[in-house]
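If you scroll down you'll find the structure; I have some questions about it.
The values are calculated or read from the model by the stated rules, or taken from the named source; none is laboratory data. What you are looking at is a predicted structure, and each value in this text was computed from that prediction instead of being measured. Here the Cβ positions follow ideal geometry from the backbone for every residue, glycine too, while neighbour counts run over all protein chains shown. What goes into the accessible areas is simple: the full protein's heavy atoms, side chains included, and nothing from ligands, DNA or RNA. Shrake-Rupley method; radii C 1.70, N 1.55, O 1.52, S 1.80 Å.
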Amino acid sequence: MPEDTTAPTGGQGSTIPAIPPRTHERPRPDGDGEPTATNADRAPGGDQAPDADRAASGDRAPDADRATHADRAPGGDRAPSGDQAPGGDRVPGGEAPAPAGTAGGYLRVLGIPEYRAVFLAHSLSLLGVVVSEIALSVLVYDLTGSPLLSALTFAVGFLPYLLGGTLFAGVADRFPARRVLVVCDLLCAACVAVMALPGTPIGLLLALRCALAVVSPVFQGTRMATLADVLGDGDLFVLGRSLLRIVSQSALLVGYGCGGLLLTVLSPRHALFITVATFLASALLLRLGTRRRPARAGRGTPADGPLTGARRVLADRRTRLLLLLFWAPPLFCVVPEALAAPYADRIGAGSTGLGLLMCALPVGTIAGELFAGARLRPATRERVALPLLCFMLLPYLGFALAPGLGWTLCLLVLSGAGNAYTLGLDQWFVAAVPEELRGRAMTLNTAGLMTVQGVGMALAGVAAQFAGVPATVAGAGLLGTLVCVLLALSARRGAAPSGALRKNERPKCETGLTTM
């Protein structure tokens, strides 16, 4: 599932969701203290706002309307134009970026040394998580002979996300990001090392599994906020985050199979030591491969209470709406995955068919993200975000006919491709959240994503007991589509900010939309 955000600019005759950009952002220091342009000086798609540097007609605006000193490098000189990537990204080295919306965008992201360190660390830690989940499940079953306790080792990896994401969200902004990432990796390595020790009781194994799930949203939220520091808050951030999601989905395709093969030559406890090694390697990569940056909240900011960080993020209506846009589809998307085993049995697909059913959604997600990231330009990805959101669950309605394996795989791949809506949503989100709250917002988003998936799986099982598998999946498609349409309409009804209309834009009085 997608882990895994300003209003998009529209073309001729298009409409844009009027989620207004935040108009009072503080300059963000990069690693050397050089301020960058504020979000208020940019239009959502990365273009200059009409009342910032240029008038809508293309003439220079009066001096009073020009960008503030935050747009200038120290000393009053403008930074070289090569320092800004499309959408406002700062590109290390000041080189001109690859054209947005092409495969070169992904290559450009991978060409940044800091991002490569984050990408490799993510891949290693993900490998460790996959190995640990399989090894721990087998270990618990070997020790107890209980299928329930074995399955519980997976279940306890979901709900503790909510605890970690709400109670410890402030950690992501209160301390320097690199320190938070390294400490989280070391804590995870220590927990898994204790799991691998001979004689560790079952209760402690499950408790340590919960501890990993509590730490994980803090790590993931901090890492996503760090991407904005490394790549800027425009299109390169979107593509960088997309690559991490693609790696996560790919792990679902090959990780469990490789983990199963590993257990044919190693005992579960020995396999857990591989997880320890991957967490330590991830910590080393992040420590040596990323720059030290100060805490986003600032040294003089009062310390947040356990729930203060989450409350500050949720206090803004736009942020709440964007979080719901992230969380709603996964709540319903997981239903076919949760019911894959009984559905495969119903259609006589066997174990091979079950494996294909489990792979179909990740395949669709990877294909959709790769196409949107490599072939669509940033403005196009933002324009199609809400339509994709509204239509991505409609293929589930086909389950009402109880289709065979081939048609079922097509429906799931098609639905998975709709997850490309997150590329547009990522841009809106990073632009809507203030710099000093970005780590907390990303942490809360990660916690919510994992929690709603766990809830969705549980509700799917309950519904299938009474309505049957085909009706449950079809019902999830219908209800999920209605929820997504209502959220999309809410996004479009937001009032346009004062002075944000260009000369050729006209507000729709009844909705607050702007037409290009």
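Can you tell me the length gained on complete extension of the stretch Leu489 to Arg317, counting 0.36 nm per residue apart and subtracting the Cα distance?
Stretched fully, the Leu489-Arg317 segment lengthens by 60.5 nm.
Report the extension gain between Ile202 and Leu284 in nm, rounded to one decimal, defined as 0.36 nm multiplied by the number of residues separating them, less their alpha carbon distance.
Gain in length upon complete extension: 26.5 nm.
With labels modelled as points extended 7 Å from the Cα through the Cβ direction, what inter-label distance (nm, one decimal) is found for Ala458 paired with Cys410?
For the pair Ala458/Cys410, the computed spacing is 3.7 nm.
A further question follows. Would you mind classifying segment 369-433 by shape? Square roots of the alpha carbon gyration tensor eigenvalues, ordered a ≥ b ≥ c; an a/c under 1.5 is rounded, otherwise it is prolate if a/b is larger than b/c and oblate if not.
prolate
Sort the following peptides by mean Cβ neighbour count (other Cβ atoms within 10 Å, averaged over residues), highest first: 338-346, 162-170.
Highest-to-lowest ranking by the protection proxy: 162-170, 338-346.
What shape does segment 183-223 take by its C-alpha gyration tensor, where a ≥ b ≥ c are the square roots of the eigenvalues and a/c under 1.5 counts as rounded, a/b above b/c as prolate, and the rest as oblate?
It comes out oblate by the Cα gyration axes.
Another question, if that's okay. What part of the accessible area of segment 267-409, given as a whole %, is carbon or sulfur when the probe is 1.4 angstrom?
Carbon with sulfur: 68 percent of the solvent-accessible area.
In addition: Would you mind putting 106-115, 277-286, 461-470 in packing order, based on average other-beta-carbon counts within 10 Å, highest first?
Top of the packing list down: 277-286, 106-115, 461-470.
Take the Cα of Phe273, step 7 Å along the line toward its Cβ, and report every residue of segment 193-223 whose backbone nitrogen sits under 19 Å from that point.
Answer for segment 193-223: 193-201.
Shifting gears a bit: How large is the accessible surface per residue of segment 154-281, computed with a 1.4 Å probe and reported in Å² as a whole number?
Ligands and nucleic acids excluded, the figure is 34 Å² per residue.
Also, I was wondering about something else. What is the percent carbon and sulfur in the accessible area of segment 412-478, measuring with a 1.4 Å probe over the protein chains and ignoring ligands?
78 percent
Now for a different question. Give the peptides 240-250, 263-273 in descending order of average Cβ contacts within 10 Å, highest first.
240-250, 263-273
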